[in-house]
Amino acid sequence: MQFQVPQNIAMEDRIVGSLTPIQFGIVVLGGGFAFFVFTSTSIPSPFSQAGGLLLAFITLVMALGKYNDQPMYRFIRYIISFIVTPKVRIWHKSGSEAPIIRPNPNVTHKEQMHTVKNISREDIARLATVLDSRGTEGHSPKLKQPIPKPGAK
């Protein structure tokens, strides 16, 4: 048996001519608003005509325009979501969303620098031995100085 396999599944449906439902909605709403501004009697005639024509042009660009093969209405939505959403995401085990962390202006650059540790070749060799034996050697490496805990000064 042979079956017809649908092609171009990701393509939007065309309802009026070559307009998709979203494009048709943009044309209807934007065109109606532009017509209202164009025929408005409360605004002086040259300003209402210029405003109506400008709104009609913006409506046509939003409905029919494309940028990088994306419809203009989707491109504008992406720009707005980029501006509104935070740029830094921080993972927390609890699952709640945390606010964006900003650098503390009261901390100086010298306080942020880490101290340099003096570790000898013997310390590295002892550590390598313990790691290679997976701790079965029976003793821990003896360092010349204790290792400071993180956050301790």
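The values are calculated or read from the model by the stated rules, or taken from the named source; none is laboratory data. Just so it is clear, the structure is predicted and the values come from calculations on it, not from any experiment. Cβ placement follows ideal geometry from the backbone for every residue including glycine, while neighbour counts extend to all protein chains displayed.
Couple of notes before you dig in:
- Within the range 26-39, the set of residues being free of Cβ contacts under 8 Å to residues at least 12 places away in the same chain and surrounded by 14 or more Cβ atoms within 10 Å (Cβ to Cβ) comprises just one member, VAL28.
- Any hit, the range 63-75, residues being within 26 Å of the chain's Cα centre (by Cα) and either more than 30 Å from ALA34 (Cβ to Cβ) or modelled with pLDDT under 85 (or both): no
- Condition check for ARG121: among the basic types (Lys, Arg), at pLDDT 80 or above and surrounded by 11 or more Cβ atoms within 10 Å (Cβ to Cβ): no
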